[in-house]
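Any read-out appearing in this document is the output of simple, stated calculations on the displayed coordinates, not a laboratory observation. Just so we're clear, the structure is a prediction, and the values are computed from it rather than from any experiment. Glycine also receives a Cβ, built like all others from the backbone with ideal geometry; neighbour counts cover every protein chain displayed.
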Amino acid sequence: MRLSVGSRLRYEVRSPTTFVMAIQANGASGEEIVSEQILLPLGVEADFFVDPLGPSRFVRFMAQPGRVEIAYNAVIEKTPAADQRNFVGSAVINALPPAVLPYLRPSRYCQSDRLSGFAEREFRRLSQGLGQAQGIADWIFNNVDYRIGASNGTTSAIDTLVERAGVCRDFAHLGAALCRALDLPARVVSCYAWKLWPQDFHAVFEVFLDGAWVTFDATRLAPLEGLVQIGAGRDAADVAFASFFGQAWLEDMSINVEAL
């Protein structure tokens with residue numbers, strides 16, 4: 001399957017501002033970047049780098065006051081994903097790759113240490129590993145309302161569990177936190193999503209099972225085979241599509257994902 005993905009963001013900048021952006025596809029397993037182009041403001045000097053703790057690709061640049069536009073376009077070749085039914089059992093902690101260990105610990109938006117009691121009561125009886133991860137995704141879908149405006153930039157997994165409402169970022173935080181509470185390594189993934197409506201950046205969660213990251217989308221708003229990964233991290237703080245240091249306001253954003 002071949003997908004065209006693109007994003008365009010326009011900011012009003014009122015003082016010299018440094019942007020750190022993660023909008024580029026990261027070439028995750030099963031996703032080949034056939035071609036890509038990123039358009040930055042004229043005259044800026046940009047640094048491109050990869051997060052040493054994860055697969056996210058970042059671009060950093062300084063913007064001067066005025067209107068600033070950033071655009072990214074890519075063509076991605078997707079190979080069929082592995083059938084999740086092949087991933088049985090759970091990871092043995094002592095055998096995990098060192099790079100996976102940070103995804104067992106609580107983080108700013110995924111307070112897994114405070115959710116262990118709830119996770120034990122609800123999901124410990126399910127088959128360890130895949131059964132628990134799928135049960136968590138199903139529980140979130142059935143018990144949390146997808147509601148735009150129900151959360152904000154400080155909403156955490158515990159807030160979502162209490163309020164029972166949120167958006168894709170909140171569903172992903174809760175899924176990752178509950179998995180970590182059961183000693184399953186889990187991370188939050190930002191992505192482009194085919195058939196997501198309205199089109200926007202999307203968030204899902206992944207669980208490390210038997211040597212591979214397996215994707216779960218508790219919102220069920222887009223097919224898994226149509227996801228193109230941008231970044232992965234402990235929570236949204238690691239995979240924000242834009243962070244800026246100065247005075248800037250997002251004026252407009254458009255996302256486009258099409259099957260070719």
Self-check item: Additional length obtainable on full extension of the chain from R60 to N73, 0.36 nm per residue less Cα span
Solution: 2.9 nm
Exercise. Taking the Cα centre of the chain as origin, work out the dipole magnitude from +1 charges on Lys and Arg Cβ and -1 charges on Asp and Glu Cβ, in debye rounded to 20.
Key: 380
Exercise. Write down the Kirkwood hydrodynamic radius of region 137-195, to one decimal in angstroms, obtained as one divided by the mean of 1/r over all alpha carbon pairs.
Key: 11.8
Self-check item: Neighbour cut-off at most 16 other Cβ (10 Å), DSSP loop, trypsin sites (Lys or Arg not before Pro), region 94-199
Solution: R108, R124, R125, R147, R164, K195
Quiz prompt | Cα long-axis angle, helix 168-181 against the chain (0 to 90 degrees, to the nearest 10) | solution = 40
Quiz prompt | Per-pair calculated FRET efficiency, R0 = 30 Å: R220 and F49 via Cβ, rounded to 0.05 | solution = 0.30
Quiz item: Between E36 and N143, how many nm apart are label points set 7 Å from Cα along the C-beta direction?
Solution: 3.7
Exercise. State to the nearest 20 debye the size of the charge dipole of region 23-157 about its Cα centre, where the only charges are +1 on K and R beta carbons and -1 on D and E beta carbons.
Key: 520
Quiz item: Can you give the three extents of the C-alpha atoms in the chain along their principal axes, from longest to shortest, in whole Å?
Solution: 58, 37, 35
Exercise. Counting helices only, and only those DSSP H runs with n ≥ 4, report the 222 nm mean residue ellipticity of the chain as the sum of -39,500 (n - 2.57) divided by its residues, in deg cm²/dmol to the nearest 500.
Key: -5000 deg cm²/dmol
Quiz prompt | Cα coordinate range in region 84-238, projected on the principal axes (Å, largest first) | solution = 41, 31, 26
Quiz prompt | Debye, to nearest 20: dipole size of region 84-238, +1 on Lys, Arg Cβ, -1 on Asp, Glu Cβ | solution = 140
Self-check item: Over 15 Å [Cα-Cα, region 174-256], rounded percent
Solution: 61
Practice problem: Calculate how steeply helix 130-143 sits against the longest principal axis of the alpha-carbon atoms of the chain, using the helix alpha-carbon long axis, and give the answer as 0 to 90 degrees to the nearest 10. | Solution: 70
